[in-house]
Structure formats: C-alpha cells, structure tokens
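Q: The structure is given below, and queries will be raised subsequently.
The values are calculated or read from the model by the stated rules, or taken from the named source; none is laboratory data. In this text the structure is predicted, and so the values were computed from the model without any measurement. Reconstructed Cβ throughout: ideal geometry from the backbone, glycine too, with neighbour counts over all protein chains shown.
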Amino acid sequence: MQSNLFEQRNLEVQAEQRFALQNPQMLRVHLGGDVLAVKGAMVAYQGQITFTHEKAGSAKRFLKKVVTGEDLSLMRVSGNGEVFFAEEAGYVYLIDLTGDALSVNARNLLAFDSAIEWDIKRVQGAGVLSGGLFNTTLAGQGTVAITSVGQPVILDCSQQPTYVDVQACVGWSATLTPQVVSSMNVSSMLRGGTGEAFQYAFHGPGFVIVQPSEWVPPTTSGGGSGGGAGNLIGDLFS
C-alpha cells in the first residue's frame, strides 16, 4: 500500500520525554506516573491504560466548581503505555512548571502531571459580570499541556498596561493579578455597543497568552449573583 499518508511526519513519534508533541495539534504522553486530563481529550492509546473520574479532592474545591460553573471535568489516566490527547484540533503547547504557577482558562487546559496542585480562582472585579470569569491555577513541579485555537501570541505585561479580551485569553503567569475593566462608554452602548465590552487588564512582571479566537461566553450566573450566592462565592475565594 502506498500513500503520502505514511510519510514520516504522520508516524508515531518515538520520544523519550514523558510529554511530547506527536504533531502541533496532538499530545503524546508516555505513562509512568498518573496524568490528569480533561475528560474527552483522549483520542487514542496503546498499552494497559485505565481512565477514572477525578474527584475535586476537597469539599471547598467541589463547591467552587458547582458555584462558579467552571467547566473543569478531569479524568485520571493510569497504567503503562502511550496516550494521545487532542481537543478540537487546537494547537498544543507544553509548559514546564519548576515551582512556579500558571493560571489557565479551563477551556484551554488539556492535561498535566498529577503531582501538580490545581485550584479554581476568581478574577478580581469579575463580580460586575454575569459570571464565568474564573480561572484554574496550576502550581508546583511538572508539565502542563494547554491548547490554543490558532497560533497564540505571548504579551509581556511588564513594560506597559496590557488589555486582553476575556474570551481570547488562554492564561497568564500567576505572578500577575488581572482586573476586569470595560472599554465601552455610555455613548457606545446607546449606539448598540462595540462588541468589546470587557477585558482583563494586566500590568506587572509576567506574561499573558492570547489566542486569535474568542470562546462563546459561558451561561453561568455565579459571578453576578447577589445575596446568599454572592456571599458564598466571597467565602469560597477569600
């Protein structure tokens, strides 16, 4: 059988690294220790592999997921062999954490070493919105695989204020503390708006990752809830 399908670039990568790119849009993980991955991200595997639901790990983190609607459903991948992950043909990037931390949009997270600590954090100022402005923070030692819809740009936030559409923001270095701001004035609102209502504002030592595409905003209402729900969110994230 002959075809350019069987060219070297399409054959399985033989890499010694635990996390490696099979191609720009597919991750290959050689299992030794466990890996946590977003549910549904597995596209193929070889060997003796098991997939189990990963619990929130603590009552507080479970409540954060319920109240915020942060769509982070993880599975634990265990065994011996190779597992291939992808998400809607997004471009895959590997980030090695060496005791530092990264904040990632849950929709851009693909997989990470199980030894890495993760939690859901609220973005300051997000209470003025109808919800959904929560990110997943990953910290410790290990590799994180993220995806981007299209080729992203990395912006240095240390030299000047940087503003990023909240639905195009993939993530940022956890040394940064973004605020949520609005560039839309009353005049624009009366004329139907600009389509660019809210942005993350960054300024300080660190970087932000921006993809050339915007996610559809979530329909949750946790961030804008008042009364008991608002108090609960405040307690969870204080």
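Q: I need the full set of residues from region 97-115 which are of a type in the set (Asp, Glu) and buried (at least 20 other Cβ atoms within 10 Å of the Cβ), in order please.
A: ASP113
Q: Quick one: in region 35-55, of everything that is within 16 Å of the chain's Cα centre (by Cα) and either small (Gly, Ala, Ser) or surrounded by 18 or more Cβ atoms within 10 Å (Cβ to Cβ) (or both), which residue is farthest from ALA145 (Cα to Cα)?
A: Checked region 35-55; the qualifying residue farthest from ALA145 (Cα to Cα) is GLY40.
Q: Find the residue count for region 1-30, including only residues that are over 18 Å from ILE146 (Cα atoms) and either in contact with a helix residue (DSSP H, G or I) (Cβ under 9 Å, 6 or more places away or on another chain) or surrounded by 11 or more Cβ atoms within 10 Å (Cβ to Cβ) (or both).
A: Matching residues across region 1-30 total 5.
Q: Are any residues in region 134-148 closer than 19 Å to LYS39 by Cβ and among the hydrophobic types (A, V, I, L, M, F, W, C), and if so, which ones?
A: PHE134, LEU138, VAL144, ALA145, ILE146
Q: Here's a follow-up. Determine if region 99-115 includes at least one residue that is modelled with pLDDT under 90 and in contact with a strand residue (DSSP E or B) (Cβ under 8 Å, 6 or more places away or on another chain).
A: No: zero hits.
Q: While we're on this one: Among what's in region 145-174 and is surrounded by 15 or more Cβ atoms within 10 Å (Cβ to Cβ) and over 21 Å from TRP215 (Cα atoms), pick the residue that is modelled with the highest pLDDT.
A: Ranking the qualifying residues of region 145-174, first place goes to CYS157.
Q: Right, THR177: assigned to a strand (DSSP E or B) and either modelled with pLDDT of 95 or more or not small (Gly, Ala, Ser) (or both) or not?
A: For THR177, the condition - assigned to a strand (DSSP E or B) and either modelled with pLDDT of 95 or more or not small (Gly, Ala, Ser) (or both) - is not met.
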